[in-house]
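Trainee: Structure provided below as structure tokens; questions to follow.
The numbers here are math on the coordinates, done by the rules we state, and not lab data. As the structure is a prediction and not an experimental result, all values here were calculated from the model. All Cβ positions, glycine included, derive from the backbone under ideal geometry; neighbour counts span all protein chains shown.
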Amino acid sequence: MIRINNIKIKNGTDTKSFENGVQNPEVLKKAMFVHAAKALKISETAIEDIKIMRHSIDARKKPDIFDIYMIDVFIKAPNEKLKSTEEKILKKARNKNAQIEIEKKYIFPVSNENNMYNRPVVVGAGPCGLFAALMLSKNGYKPILIERGKSVDKRREDVENFWKTGKLDISSNVQFGEGGAGAFSDGKLNTMVKDKDGRGRFTLELFVEAGAPKEILYEAKPHIGTDKLIGVVENIRNQIISNGGEVLFEHKLTKLFLAEKDGTKCVSGIEIESSKGKRRIDTNHVILAIGHSARDTFEMLVSEKVYMEPKPFAIGLRVEHPQKMINKSQYGVESCETLPPSPYKVVHNTKKQRGVYSFCMCPGGYVVNASSEEKRLCVNGMSYYARDSRNANSAIIVTVDPSDFGGNGPLSGVEFQRRLEEKAYELGNGKIPVEYYKDFKANYFDDSEDRSTWNKPCTRGEYVFAPVHKLLPLDIKEAIDEGMEHFGKMIKGFDSDEALMEGIEARTSSPVRITRDENLEAIEIKGLYPSGEGAGYAGGIMSAAMDGIKSASAITSVFGRIK
């Protein structure tokens with residue numbers, strides 16, 4: 001195939017078939033035949049197919065915006081003459097942005113040796129667990145998927161009821177249940193994970209196969225949106241079951257059974273608990289995809305002598321601004337049908353060498369009450385596919401490490417989170433505490449001034465204005481103050497008086513790492529595979545899904561299917 005980079009088209013040239021600033025993939029692909037033929041100086045009829053590999057937006061000369069594409073072009077030619085035909089085309093085209101590429105396809109490994117005697121178990125139905133179970137099921141391993149929460153349709157009812165009434169179900173909420181925390185987020189699929197073997201593209205293709213929008217295959221900043229992601233999750237579950245897998249909702253992992261073989265501890269089974277009581281499942285392979293908020297499971301694993309250690313993560317606040325303000329800063333216009341609601345990314349290193357940065361930015365989104373424990377409150381960002389809320393939000397966070405936690409032991413970071421979440425709950429009396437930046441930076445909460453015309457929060461879950469400036473440790477608060485002032489120089493209005501500060505955002509990533517070896521197994525425990533965000537090896541939907549596939553392949557590359 002021939003890859004063409006840097007196809008540059010002025011945004012707005014074609015205003016047809018756009019939804020939420022994204023062009024219909026089929027219409028776009030058809031248009032790319034024209035651009036490919038022009039770039040290679042060939043007829044469109046000489047092209048067998050085109051695959052759009054990447055689309056990004058160049059807004060450096062706003063308001064003149066350009067769409068930048070990278071595409072793969074498949075030429076009509078017999079296999080034995082394909083290479084020579086491509087070389088002739090390139091020689092004639094003399095296009096410095098075109099070159100021959102070999103298509104990279106991920107191949108999931110399956111062993112024909114060392115057949116299993118017990119079915120593998122996957123614990124947790126977030127992105128990591130779902131994709132691990134999906135790949136195991138697709139290849140005949142008939143996994144058992146255990147999820148402490150409910151199926152995503154029932155879970156959605158519990159979450160919406162919590163946002164309306166404040167009544168929390170500790171097993172079915174924004175953190176727990178089918179789909180994991182990502183099911184009630186922005187559904188972003190960008191990742192920093194290097195993709196040398198094509199596993200990232202393969203993962204995106206699995207998402208599309210399950211019903212995700214096709215443009216995620218090439219958008220530089222792909223997202224699904226919580227409304228569409230819920231359907232995708234259901235489809236993946238149905239695939240697992242149709243392939244011979246089993247899914248057990250409202251079943252919680254309560255114990256590991258370990259045996260000793262040749263002086264090494266090995267998994268021999270697990271204990272799970274439901275409303276009907278406890279039972280044992282015999283298994284020799286457990287993928288532990290428990291998510292970053294399974295604090296009681298962390299405690300159980302510590303008691304079982306599973307090695308883990310505290311790790312750095314980040315804490316801070318959600319910040320809301322009018323989406324039109326962000327669009328104006330980033331695009332030069334407040335809105336445009338051929339441009340999606342604009343994201344942003346800001347970073348600052350403070351005078352005291354604290355890193356402050358935006359995280360999980362949600363254009364046209366909502367700040368959500370993401371609590372999972374009684375009398376503790378945390379927030380997250382979420383958006384629907386349309387991203388049509390009037391406000392943009394992101395977390396503005398500061399990295400913390402074990403020296404900040406004020407405790408010892410592997411769960412010191414968990415306790416640090418809990419203290420902050422308890423304080424947030426008290427500040428808002430169970431509602432999301434909100435403060436205008438004018439008061440936040442002044443360390444003085446003023447509820448006497450008339451602010452009826454100021455920007456109002458876009459939240460899921462009730463909010464109340466409160467002295468949020470009292471929530472964070474002093475050095476973290478000072479770092480955010482300095483960061484906000486710096487970001488105001490990057491994005492006009494970012495540090496305006498009516499910017500909204502909401503908290504606490506304390507679950508940006510896992511506070512522990514369940515250390516694994518080169519075989520992806522837990523230290524000194526064969527058959528236990530710590531995976532995804534909860535184990536400290538991922539940081540979002542996409543990286544978690546990729547790690548789930550990686551963990552599944554660690555089993556299937558060594559062990560054959562059940563006899």
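Trainee: Relative contact order for the chain: what percent, with Cα pairs under 8 Å and sequence separation of 6 or more? Walk me through the numbers on the way to the answer.
Mentor: Working: 1325 pairs, mean separation 108.5, N = 563.
Relative contact order of the chain: 19 percent.
Trainee: List the GluC sites (Glu not before Pro) within the stretch 439-499 that DSSP assigns to loop and that have no more than 11 neighbouring Cβ atoms inside 10 Å.
Mentor: On the way: sites: 449, 462, 478, 482, 485, 498; in loops: 449, 462, 498.
Counting only loop positions with at most 11 other Cβ atoms within 10 Å, the GluC sites (Glu not before Pro) in the stretch 439-499 are 449.
Trainee: Can you sort 80, 426, 533 by how many other beta carbons sit within 10 Å, fewest first?
Mentor: Details: 80 7, 426 16, 533 30.
Result, fewest neighbours first: 80, 426, 533.
Trainee: Next question. Hey, got the Cα dimensions of the stretch 369-409 along the principal axes, in Å, largest first?
Mentor: That gives 45, 25, 14 Å along the principal axes, largest extent first.
Trainee: Given the stretch 310-505, what whole percent of its Cα pairs are spread farther than 24 Å? Kindly include the intermediate steps, with their values, before the conclusion.
Mentor: Working: 7057 of 19110 pairs.
When all Cα pairs of the stretch 310-505 are counted, 37 percent exceed 24 Å.
Trainee: Taking H placed 1.01 Å from N in the peptide plane, check which residues at least 5 places from residue 176 or on another chain put their amide H under 5 Å from its amide H.
Mentor: Excluding prolines and chain starts, which carry no amide H, there are no hits.
Trainee: Please list, ordered by chain and number, the residues whose modelled amide H lies under 5 Å from the amide H of residue 380; skip anything fewer than 5 residues away on the same chain.
Mentor: When sequence neighbours closer than 5 places are left aside, the close amide H contacts are 368, 370.
Trainee: For the stretch 266-393, compute the orientation-averaged projected area of the C-alpha convex hull (one quarter of its surface), in nm².
Mentor: Details: hull surface 52.9 nm².
Result: 13.2 nm².
Trainee: Considering all projection directions equally, how large on average is the shadow of the alpha-carbon convex hull of the chain, in square nanometres?
Mentor: Details: hull surface 112.7 nm².
Here the figure is 28.2 nm², rounded to one decimal.
Trainee: Identify the trypsin sites (Lys or Arg not before Pro) of the stretch 177-215 meeting these criteria: DSSP loop state and at most 13 other C-beta atoms within 10 Å of the C-beta. Don't skip to the end; give the middle numbers.
Mentor: Values: sites: 188, 194, 196, 199, 201, 214; in loops: 194, 196.
Those satisfying the criteria are 194, 196.
Trainee: Once the Cβ-Cβ distance between residue 85 and residue 561 is put in as r, and R0 is 60 Å, what FRET efficiency do you end up with, to the nearest 0.05? Before the final figure, lay out each step's value.
Mentor: Working: r = 42 Å, r/R0 = 0.70.
According to the calculation, E is roughly 0.90.
Trainee: Now a separate question. Using Cα centres only, tell me the gap between the stretch 3-80 and the stretch 357-432 in whole Å.
Mentor: 40 Å
Trainee: Separate question: Which of the peptides 336-346, 389-399, 258-268 is most tightly packed, and how do the rest follow, judged by the mean count of other Cβ atoms within 10 Å per residue? Please list the in-between numbers first.
Mentor: Details: 336-346: 18.5, 389-399: 24.1, 258-268: 13.6.
Most protected by this proxy first, the peptides run 389-399, 336-346, 258-268.
Trainee: On to the next question. Considering the zone a paramagnetic label at residue 62 would reach in this model (a point 7 Å from Cα along the Cα-to-Cβ line), which residues of the stretch 201-224 have amide N under 18 Å from it?
Mentor: Hits in the stretch 201-224 for residue 62 at 18 Å: 220-221.
Trainee: Can you tell me the mean projection area, over all orientations, of the convex hull of the stretch 203-342's alpha carbons? Units nm², please. Mind showing how you got there, number by number?
Mentor: Details: hull surface 55.1 nm².
Computing the convex hull of the Cα atoms and averaging its projections yields 13.8 nm².
Trainee: Could I ask something else about it? For a Förster distance of 22 Å, can you work out the FRET efficiency between the beta-carbons of residue 94 and residue 14, rounded to the nearest 0.05?
Mentor: The formula returns an efficiency of 0.20 here.
Trainee: What distance in nm separates the simple spin-label points at residue 305 and residue 165, each placed 7 Å from Cα in the Cβ direction?
Mentor: 4.6 nm
Trainee: Arranged from highest to lowest average of other beta-carbon atoms within 10 Å per residue, in what order do the peptides 157-165, 540-548, 377-385 appear? Before the final figure, lay out the partial values.
Mentor: Values: 157-165: 16.1, 540-548: 27.1, 377-385: 25.2.
Highest mean packing first, the order is 540-548, 377-385, 157-165.
Trainee: FRET efficiency for residue 111 and residue 276, Cβ-Cβ distance as r, R0 = 35 Å, nearest 0.05? Kindly include the intermediate steps, with their values, before the conclusion.
Mentor: Working: r = 36 Å, r/R0 = 1.02.
It comes out at approximately 0.45.
Trainee: Can you give the helix-only mean residue ellipticity at 222 nm for the chain, where every DSSP H stretch with n ≥ 4 adds -39500 (n - 2.57) and the sum goes over all residues, rounded to the nearest 500 deg cm²/dmol?
Mentor: Working: 13 runs with 163 residues, N = 563.
Helices in the chain give a 222 nm mean residue ellipticity of -9000 deg cm²/dmol.
Trainee: Right, another one. Quick one: order 348, 55 by neighbouring beta-carbon count within 10 Å, fewest to most.
Mentor: Numbers: 348 20, 55 23.
With the sparsest Cβ surroundings first, the list reads 348, 55.
Trainee: Do you know the relative contact order of the stretch 2-100, to the nearest whole percent, from alpha carbon pairs under 8 angstrom that are 6+ apart? Before the final figure, lay out each step's value.
Mentor: Numbers: 139 pairs, mean separation 39.1, N = 99.
For the stretch 2-100, the relative contact order is 40 percent.
Trainee: Using per-residue counts of other Cβ atoms within 10 Å, averaged over each peptide, order 275-282, 551-558 from highest down. Intermediate results must be reported in sequence, preceding the final value.
Mentor: Working: 275-282: 10.9, 551-558: 21.9.
Final packing ranking: 551-558, 275-282.
Trainee: Where both partners of a DSSP beta bridge lie in the chain, what percent of those bridges are antiparallel, to the nearest 5?
Mentor: Numbers: 71 of 92 bridges.
Here the antiparallel bridges make up roughly 75 percent for the chain.
Trainee: For each of 223, 251, 486, count neighbouring Cβ atoms within 10 Å of the residue's Cβ, then give the residues from fewest to most.
Mentor: Numbers: 223 28, 251 22, 486 17.
Arranged by neighbour count, lowest to highest, 223, 251, 486 become 486, 251, 223.
Trainee: Let me ask you something else. Distance in nm between label sites at residue 227 and residue 53, each 7 Å beyond Cα in the beta-carbon direction?
Mentor: Here the answer is 3.4 nm between the modelled labels.
Trainee: Tell me the Kirkwood hydrodynamic radius of the stretch 409-552 in angstroms, computed as one over the mean inverse distance between distinct C-alpha pairs. It would help to have the intermediate numbers written out before the result.
Mentor: On the way: mean 1/r = 0.0558 Å⁻¹.
About 17.9 Å for the stretch 409-552.
Trainee: Starting from the Cα-Cα distance between residue 255 and residue 518, subtract it from 0.36 nm times their residue separation and give me the gain in nm to one decimal. Please report the intermediate quantities before stating the final value.
Mentor: On the way: separation 263, 0.36 × 263 = 94.68 nm, distance 2.47 nm.
Value of the extension gain: 92.2 nm.
Trainee: Whole-Hz Karplus ³J(HN,Hα) for the stretch 55-65, in order, using 6.51 cos²θ - 1.76 cosθ + 1.60 and θ = phi - 60°, x for Gly and Pro?
Mentor: Those phi angles translate into 9, 9, 10, 9, 10, 5, 10, 4, x, 7, 10 Hz.
Trainee: Amide H neighbours of residue 400 under 5 Å, at least 5 residues apart or on other chains, H built in the peptide plane: list them.
Mentor: 313, 314, 315
Trainee: In Å and from the alpha-carbon atoms only, list the Rg and Dmax of the stretch 2-100.
Mentor: Gyration radius and largest Cα-Cα distance of the stretch 2-100: 14.5, 48 Å.
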